[in-house]
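First comes the structure, then the notes that go with it.
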Amino acid sequence: MELIQAVILGIVQGLTEFLPISSSGHLVILPWLFKWKDLGLTFDVALHMGTLLALVLYFWKDWIEIIKNWKKPFLWLILLGCAPAAVAGYKFEKYFETVFRSPLLVGIFIICMGALLLVSERYSKKQKDMDSINLGDVLFIGFAQALALMPGVSRSGITMTAGLFAGLKRESAARFSFLLAMPITFGAGLLKLKHILKSGIPGSESTAFIIGIIFAAISGYFAIKYLLKFLHNHTFYLFVWYRLVFGAIILLVYFLK
């Protein structure tokens, strides 16, 4: 594996995992566009461990506080919100990873979810803070998160969109999306760890794996930090237009090839 490829994919994973533009979609499309070889599930798991590290580094204080107050409902609401995606991932992940990895479908999903984000940004009330999240909001966001199994949908994108529809303020929708991400990413990583332990990492590629994890963690940390600052005073329209343009480019290249 080229080290520059590991750097690029690590940065892309870190940025797109937390910006509402689809990490899985980008990781499918970039190798397709540049004719890179498929690095397989092992490298994909490694990159997700990098973004998990970014979540831990940014939110460790929040999680200590949440766990210390475990008798309060917020911890249990987060875990409940993760349940639909956890069940769907356990049952159907292999199916979605194979059937829906077509660049055509990725492009369509990127555009459709961009349009849905546009609707939520334009018509949602955006009045509630995280302290106001209730059981109904959590279930709605949690079931929406299960749709992120399809490449191009975006886990952060669909949960932020659902958060807006539930009436959350933009920054609150993003923060709750990131808190939901940590248990689900950790759980998915544990399940896929069996694959890594079974197949192992080729000795010649261990450096590339480490580089990918490091760059995913660094870019992911800054993506979280600056997205929360950005949404304090700005809308999601930048990401809507990015998705629509990127999706259109994918479809154009697909039909011209």
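The values are calculated or read from the model by the stated rules, or taken from the named source; none is laboratory data. Every value quoted in this text rests on a predicted model; they were computed, and no experiment measured them. Positions of Cβ are backbone-derived with ideal geometry, glycine not excepted, and every protein chain shown enters the neighbour counts. Accessible surface is based on the protein model in full, side chains and every heavy atom, while ligands, DNA and RNA are left aside. Shrake-Rupley method; radii C 1.70, N 1.55, O 1.52, S 1.80 Å.
Suppose the filter is of a type in the set (S, T, Y), in contact with a Gly (Cβ under 8 Å, 6 or more places away or on another chain), within 30 Å of L3 (Cα to Cα) and at pLDDT below 95; does S204 pass it?
Numbers: of a type in the set (S, T, Y): yes; in contact with a Gly (Cβ under 8 Å, 6 or more places away or on another chain): no; within 30 Å of L3 (Cα to Cα): yes; at pLDDT below 95: yes.
Judged against the criteria, S204 is not a match.
Out of the stretch 59-108, which residues are outside any loop (DSSP other than H, G, I, E, B) and of a type in the set (F, W, Y)?
Taking the stretch 59-108 first, the residues outside any loop (DSSP other than H, G, I, E, B) are 59-68, 73-99, 103-108.
Once the filter is applied, which keeps residues that are outside any loop (DSSP other than H, G, I, E, B) and of a type in the set (F, W, Y), the stretch 59-108 yields F59, W60, W63, F74, W76, Y90, F92, Y95, F96.
Are any residues in the stretch 75-84 open to solvent by 50 Å² or more (accessible area, probe 1.4 Å) and under 17 Å from T159 (Cβ atoms), and if so, which ones? Walk me through how you get there before you give the answer.
So in the stretch 75-84, the residues open to solvent by 50 Å² or more (accessible area, probe 1.4 Å) come out as 76, 79-80.
L79, L80 - these are the residues of the stretch 75-84 that are open to solvent by 50 Å² or more (accessible area, probe 1.4 Å) and under 17 Å from T159 (Cβ atoms).
Inside the stretch 146-169, can you point out the residues that are within 13 Å of the chain's Cα centre (by Cα) and either modelled with pLDDT of 95 or more or among the aliphatic types (A, V, I, L, M) (or both)?
Narrowing the stretch 146-169 to residues within 13 Å of the chain's Cα centre (by Cα): 146-161.
Selection gives A146, L147, A148, L149, M150, V153, S156, G157, I158, T159, M160, T161.
Let me confirm something: among V12, V45, which residue is surrounded by 16 or more Cβ atoms within 10 Å (Cβ to Cβ), outside any loop (DSSP other than H, G, I, E, B) and touching a Lys or Arg at 6+ places or on another chain (Cβ under 8 Å)?
On the way: V12 fails: touching a Lys or Arg at 6+ places or on another chain (Cβ under 8 Å).
After applying the criteria, what remains is V45.
For the stretch 203-236, what are the residues that are closer than 26 Å to F165 by Cα, touching an Asp or Glu at 6+ places or on another chain (Cβ under 8 Å), part of a helix (DSSP H, G or I) and among the hydrophobic types (A, V, I, L, M, F, W, C)?
A223, L228, L231
Would it be correct to say that G142 is of a type outside the set (A, V, I, L, M, F, W, C), part of a helix (DSSP H, G or I), touching a Gly at 6+ places or on another chain (Cβ under 9 Å) and at pLDDT 95 or above?
Numbers: of a type outside the set (A, V, I, L, M, F, W, C): yes; part of a helix (DSSP H, G or I): yes; touching a Gly at 6+ places or on another chain (Cβ under 9 Å): yes; at pLDDT 95 or above: yes.
Against the criterion (of a type outside the set (A, V, I, L, M, F, W, C), part of a helix (DSSP H, G or I), touching a Gly at 6+ places or on another chain (Cβ under 9 Å) and at pLDDT 95 or above), G142 qualifies.
Among the residues of the stretch 170-183, is any open to solvent by 20 Å² or more (accessible area, probe 1.4 Å), at pLDDT 95 or above and over 14 Å from P20 (Cα atoms)?
We begin by selecting, within the stretch 170-183, every residue open to solvent by 20 Å² or more (accessible area, probe 1.4 Å); these are 170-171, 175, 182-183.
Then drop every residue that is not at pLDDT 95 or above, which leaves 170-171, 175.
Pick out the ones that are also over 14 Å from P20 (Cα atoms) and you get none.
No, because not a single residue in the stretch 170-183 is open to solvent by 20 Å² or more (accessible area, probe 1.4 Å), at pLDDT 95 or above and over 14 Å from P20 (Cα atoms).
Return yes when L117 is at pLDDT 95 or above, closer than 28 Å to H26 by Cα and either of a type outside the set (D, E) or out of contact with any Asp or Glu (no Cβ under 9 Å at 6 or more places or on another chain) (or both) and no when it is not.
Details: at pLDDT 95 or above: yes; closer than 28 Å to H26 by Cα: yes; either of a type outside the set (D, E) or out of contact with any Asp or Glu (no Cβ under 9 Å at 6 or more places or on another chain) (or both): yes.
It is true that L117 is at pLDDT 95 or above, closer than 28 Å to H26 by Cα and either of a type outside the set (D, E) or out of contact with any Asp or Glu (no Cβ under 9 Å at 6 or more places or on another chain) (or both).
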